[in-house]
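Here's the structure we're looking at; comments come further down.
The values are calculated or read from the model by the stated rules, or taken from the named source; none is laboratory data. Note that this is a predicted model, so its numbers are computed, not measured. Cβ placement follows ideal geometry from the backbone for every residue including glycine, while neighbour counts extend to all protein chains displayed.
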Amino acid sequence: MIGIWDILDVALFAAMIRMATPLVLAATGGVITERSGVINIGLEGMMMLGALFGVLTSYWTGCPWLGVIAAMVVGGLAAAIHALVVIRFNANHIVSGLGINFIALGLAPFLSEVIWGSRGHSDIVTGLPRWEIPLIKEIPVIGEILGPHSPTVFMILAIVIIANIVLFKTKWGLRITAVGEFAKAAATAGIPVQRTRYICVIISGILAGLAGVHMSLGHLSMFTWGMIGGRGFIALAVMISGNWRPYRVLAIGMVFGFADALQIRLQGLGVPVHFMQMIPFLVTIAVLAGVMGRSRPPADIGKNYEP
């Protein structure tokens with residue numbers, strides 16, 4: 001007989017934080033780009049490219065930190081392509097984002113087979129170290145939940161705080177909001193609309209690449225095809241549920257991380273695998289159904305701007 005405390009233990013909440021990390025990173029990037037008016041549903045593909053090239057760089061150099069940098073660069077380059085297509089050539093934002101996803105879905109297994117001889121997975125590489133916070137690790141229960149974790153886990157709080165300060169406490173954040181709400185009025189006020197959007201989209205790609213490399217070098221120390229598993233799309237749900245605000249994204253991300261950790265724990269206790277894998281997506285549908293009438297996106301989101 002499985003008891004409630006066999007499930008709700010310290011390991012589950014530690015796993016919740018690990019699982020929430022890529023969602024919060026990608027969703028925070030989504031907040032930044034969508035507040036500028038550009039939709040980026042290519043987060044899934046950018047996460048996959050970040051996961052792949054992070055492992056590839058660690059495989060070639062033996063240095064996981066170079067893998068993290070490579071993942072962020074590749075994610076930023078993929079986002080730059082998306083930005084060029086939608087900002088310079090006025091393409092549909094959804095179609096361009098789907099294109100990024102399809103490219104990643106095809107490129108990842110192809111490179112995996114060329115380099116490692118397997119479409120499904122890479123070799124084991126040097127992963128990121130595990131960090132513990134010196135004073136907190138001595139606290140019972142809390143210390144076990146908050147460590148040891150990959151460095152990317154500890155980055156999320158700093159990134160969320162910085163994103164919130166930039167968006168709501170700085171002049172540049174006000175410009176981002178103005179561009180996303182009414183681009184033509186922002187341009188009349190002298191704000192460079194296109195440049196602002198380029199920067200915001202590229203930042204979203206960098207954070208998506210960091211989210212992807214958390215899955216590969218921070219979690220498994222290898223790349224497997226399908227390891228992102230729809231988390232880029234779940235990150236979009238986290239962003240919408242958080243009403244395009246970083247602090248709320250962090251809180252909602254933990255809820256989704258708990259659902260993801262719970263389905264893994266229940267699989268380990270003998271519950272049918274395929275049923276449990278539905279839990280994160282069921283939570284996504286339930287949360288979106290509850291917030292869709294109360295969340296308000298930027299007014300100019302998805303609208304192309306022509307100078």
Quick one: V38 ticks every box in (1) modelled with pLDDT of 95 or more; (2) part of a helix (DSSP H, G or I) bar one, so which box is it? (2)
The residue that is surrounded by the most Cβ atoms within 10 Å (Cβ to Cβ), considering only those in segment 124-154 that are closer than 22 Å to V213 by Cβ and of a type in the set (G, A, S), is S150
So, of the residues in segment 1-35 that are of a type in the set (D, E) and surrounded by fewer than 21 Cβ atoms within 10 Å (Cβ to Cβ), which turns out to be modelled with the highest pLDDT? D9
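Which of the residues spanning segment 127-161 are among the small types (G, A, S) and in contact with a Leu (Cβ under 8 Å, 6 or more places away or on another chain)? Working first, answer last.
Residues of segment 127-161 that are among the small types (G, A, S), as a first pass: 127, 143, 147, 150, 158.
Matches in segment 127-161: G127, S150.
Mind checking which helices (runs of 4 or more DSSP H) fall wholly inside segment 107-203 and carry at least 2 residues that are in contact with a Pro (Cβ under 8 Å, 6 or more places away or on another chain), in contact (Cβ under 8 Å) with a residue 60 or more places away in the chain and under 28 Å from H219 (Cβ atoms)?
Working: elements: 142-145, 151-169, 171-181, 183-188.
Here the list reads 151-169.
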Looking at segment 242-255, which of its residues are in contact (Cβ under 8 Å) with a residue 24 or more places away in the chain and out of contact with any Ser or Thr (no Cβ under 7 Å at 6 or more places or on another chain)? G242, W244, R245, Y247, L250, G253, M254, V255
Over segment 41-63, the set of residues surrounded by fewer than 24 Cβ atoms within 10 Å (Cβ to Cβ) and either touching a His at 6+ places or on another chain (Cβ under 9 Å) or in a helix (DSSP H, G or I) (or both) is I41, L56, Y59, W60, T61
Looking at L66, L146, L84, which one is modelled with pLDDT under 90 and over 19 Å from the mean Cα position of the chain (by Cα)? L146
